[in-house]
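Working notes, structure below.
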Amino acid sequence: MQYKTLGRSDLKVSRIALGTMTFGRTNSEAEAFEQMDYALAHGVNLFDAAEMYPVPTDPEYQGNTERCIGNWMKARGTRDQVVLATKAAGPGEAVSYIRPDLHFDRANLREAVDNSLRRLQTDYIDLYQLHWPDRATNMFGRLGYSHQPEKDGTPILETLQALDELVKEGKIRHIGLSNETAWGTMTFLRLAEQHNLPRVVSVQNPYNLLNRSLEVGLAEVLQREAVDLLAYSPLAFGVLSGKYLNGARPAGSRLTEFPQFARYLTESGQAATEAYVTLAHEIGMEPAMLALAFVNSRDFLGANIIGATRMEQLKRNIASLDVSLSDEVIEQIEAIHRRFTYPCP
């Protein structure tokens, strides 16, 4: 396993992180335990969760992911071996059942942290992230930005001040963002410096061969400001494995079980996927390995968040660190990217 210090923090995290959003719904607690046992035994120390998990989110299941992790850490005595990351849900009708008026204000953040700590059965969270912005911006598949300041939620300074209280109380150690833009990241950094508040150490955004949109502006921010990317959906919900090409829907697969997650099944996304799958086959590599190895190769990467519903997937995904891509293969990837630029933002 490879490790690096996350941003300007003291968190030493594995290059591969364990995504847990299937725990407690798609995966039973016993299956979650098996995944966490294997991941930890193979050097993975960053476990990423969220208060709204598992996905799809639902009042019946919400919080189960954190409960699985908390039960595992208690049963195994592994809290000090894990860099534990979780997230607070932002505003949105789909998650309004979590709290009646979701925003990143003091009351919401304190309640969210306390509830996560209870479910996780721990006194502190290593990395506490804001799951998506408390304002209208281009996220979750929107490439273009539409200015709607009337939908701005809690001022960012107020959010940072609330998080500062939680850091000083020892409930969280470091803060991160998720589904954030270059402007949002820079604003958090600027206000933190001006007011001596906690500095963002990471941004968790989607990044894969079908969605490299963060390279336009955010990648420069990350590298110049020493903030690391936690890349989620590196396989684009499994699409980049090629298993959904030509309309295939394998039994038991995520997009067969939950067809609403069609973000990466656009016409251009499927054409790009076919090109990447063809390239992988030409060089004698599994398509999923090509996709994961590309993400692993990025200079701005802190950790590649892999998720799996089956153990064989988990084992292969962790093994992607053993795969390196030659300059020639990278150029072939870039040639496909020039043909299919951001097909699935």
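The values are calculated or read from the model by the stated rules, or taken from the named source; none is laboratory data. Note that the structure is predicted; figures quoted are calculated from it, not measured. All Cβ positions, even for glycine, are placed from backbone atoms using ideal geometry, and neighbour counts span all protein chains on display.
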Checklist outcome for this item: Taking the stretch 12-21 and the residues there that are in a loop (DSSP other than H, G, I, E, B) and surrounded by fewer than 22 Cβ atoms within 10 Å (Cβ to Cβ), the one that is farthest from the chain's Cα centre (by Cα) would be ARG15
Checklist entry - Among the residues of the stretch 119-130, is any farther than 24 Å from ASN205 by Cα, in contact (Cβ under 8 Å) with a residue 12 or more places away in the chain and either hydroxyl-bearing (Ser, Thr, Tyr) or part of a helix (DSSP H, G or I) (or both)? => result yes
Checklist outcome for this item: Of the residues in the stretch 37-51 that are over 17 Å from the mean Cα position of the chain (by Cα) and not in a loop (DSSP other than H, G, I, E, B), the one that is surrounded by the most Cβ atoms within 10 Å (Cβ to Cβ) is LEU40
Item to check | helices (runs of 4 or more DSSP H) completely within the stretch 184-294 that count 1 or more residues being touching a His at 6+ places or on another chain (Cβ under 9 Å) | outcome: 267-282
Checklist outcome for this item: Expected single match for within 21 Å of VAL55 (Cβ to Cβ), out of contact with any helix residue (DSSP H, G or I) (no Cβ under 9 Å at 6 or more places or on another chain) and in contact (Cβ under 8 Å) with a residue 40 or more places away in the chain among GLY252, GLY307 is GLY252
Checklist entry - If you take the residues of the stretch 244-265 that are more than 17 Å from THR22 (Cα to Cα) and buried (at least 17 other Cβ atoms within 10 Å of the Cβ), which of them is modelled with the lowest pLDDT? => result ARG263
Checklist entry - Of the residues GLY153, GLY176, GLY184, which is in contact with a Leu (Cβ under 6 Å, 6 or more places away or on another chain) and surrounded by 16 or more Cβ atoms within 10 Å (Cβ to Cβ)? => result GLY176
Item to check | Flag for PHE261 being within 17 Å of VAL295 (Cα to Cα), touching a Phe, Trp or Tyr at 6+ places or on another chain (Cβ under 9 Å) and of a type outside the set (Lys, Arg) | outcome: no
Checklist outcome for this item: Considering residues that are closer than 17 Å to GLY70 by Cβ and assigned to a loop (DSSP other than H, G, I, E, B), the number found within the stretch 96-117 is 0
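This table checks each residue for (1) in contact (Cβ under 8 Å) with a residue 24 or more places away in the chain; (2) within 13 Å of THR309 (Cβ to Cβ).
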residue: MET21; (1), (2): yes, yes
residue: GLY24; (1), (2): yes, yes
residue: ALA30; (1), (2): no, no
residue: GLU34; (1), (2): yes, yes
residue: ALA39; (1), (2): yes, no
residue: PHE47; (1), (2): yes, no
residue: ALA50; (1), (2): yes, no
residue: PRO54; (1), (2): yes, yes
residue: THR57; (1), (2): yes, no
